[in-house]
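One structure is given below, encoded as structure tokens.
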Amino acid sequence: EALEAAGFELVFSPAGRQPSEDELVALVPGIDGWLAGVEPITARVLAAATDLKVISRNGTGIDSIDLAAAESRGVTVLTAAGANARAVAELTIALMLAGLRNLPESLASMKAGEWARREGRELAAATLGLVGCGAIGRRVARIAGAFGARIRAYDVRPDPAFQPADDFAFVDLDALVA
């Protein structure tokens with residue numbers, strides 16, 4: 001709404017799926033800015049976007065963007081670091097709980113008309129190892145700490161002031177993997 005109120009026309013790719021390169025080539029002529037997802041933004045697509053000035057990627061990953069082609073065309077590439085950190089952290093916790101409680105197996109069993117009880121584990125009895133303790137890792141550590149998990153984290157720049165739980169410590173990568 002804010003973009004439309006500022007006089008911009010919004011162009012959308014096909015809903016519910018990732019657009020093909022040909023579809024993107026057809027969509028991008030005349031665009032000034034691109035709010036990108038994970039769709040591949042290739043040199044061919046960038047060549048068709050003759051008026052493009054900026055690509056803003058929701059999240060931090062920019063490996064789907066041909067950065068050399070963007071730079072050669074004078075297109076600025078920005079990221080929205082941490083924009084989806086809460087959603088990713090919550091999904092991470094949900095998947096951990098599903099694994100600890102054998103939910104995929106239990107669901108398959110119930111769909112097959114069976115009631116096979118499986119013993120689960122509690123997060124409080126688990127040790128969680130985090131590779132990376134940035135925006136997402138910190139949120140995961142806080143949530144897992146609230147469950148009572150033992151948390152060990154590796155980060156290239158550990159922050160000694162970050163202490164989200166009683167049983168949290170930064171360790172080197174070899175110790176974490178061990």
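The values are calculated or read from the model by the stated rules, or taken from the named source; none is laboratory data. Computed from a predicted model, the values in this text were never measured in an experiment. Cβ placement follows ideal geometry from the backbone for every residue including glycine, while neighbour counts extend to all protein chains displayed. Each accessible area value is taken on the protein alone, full model and side chains, heavy atoms only, with ligands, DNA and RNA left out. Shrake-Rupley method; radii C 1.70, N 1.55, O 1.52, S 1.80 Å.
Descriptive notes on the structure:
- One residue stands out in region 152-178 among those that are over 11 Å from GLY132 (Cα atoms) and small (Gly, Ala, Ser): the one that is most open to solvent (accessible area, probe 1.4 Å), namely ALA178.
- Of the criteria (1) of a type in the set (Val, Ile, Thr); (2) exposed (fewer than 14 other Cβ atoms within 10 Å of the Cβ); (3) within 21 Å of PHE12 (Cβ to Cβ); (4) at pLDDT 95 or above, which one VAL38 fails: (4)
- Long-range neighbours under 7 Å by Cβ, at least six apart or interchain, first residue closer than 14 Å to THR60 by Cα and aliphatic (A, V, I, L, M) within region 82-104, second modelled with pLDDT of 95 or more and in a helix (DSSP H, G or I): ALA85/ARG139
- The helices (runs of 4 or more DSSP H) located wholly in region 45-131 that include 1 or more residues which are surrounded by fewer than 13 Cβ atoms within 10 Å (Cβ to Cβ) and among the hydroxyl-bearing types (Ser, Thr, Tyr) occupy 67-72.
- Selection count, region 1-11, where residues are touching a Gly at 6+ places or on another chain (Cβ under 9 Å) and either in contact (Cβ under 8 Å) with a residue 24 or more places away in the chain or not in a loop (DSSP other than H, G, I, E, B) (or both): 2
- Long-range neighbours under 6 Å by Cβ, at least six apart or interchain, first residue of a type in the set (A, V, I, L, M, F, W, C) within region 12-34, second assigned to a loop (DSSP other than H, G, I, E, B) and surrounded by 13 or more Cβ atoms within 10 Å (Cβ to Cβ): VAL28/ALA49; ILE31/ALA49; ILE31/LEU52
- Selection status of THR79, free of Cβ contacts under 8 Å to residues at least 24 places away in the same chain and hydroxyl-bearing (Ser, Thr, Tyr): yes
- Residues of region 22-44 that are closer than 22 Å to THR76 by Cβ and part of a helix (DSSP H, G or I): LEU24, VAL25, LEU27, ALA43, ARG44.
- The numbered conditions (1) modelled with pLDDT under 95; (2) farther than 27 Å from THR60 by Cα; (3) crowded, with 19+ Cβ neighbours inside 10 Å are all true for ALA149 except (1).
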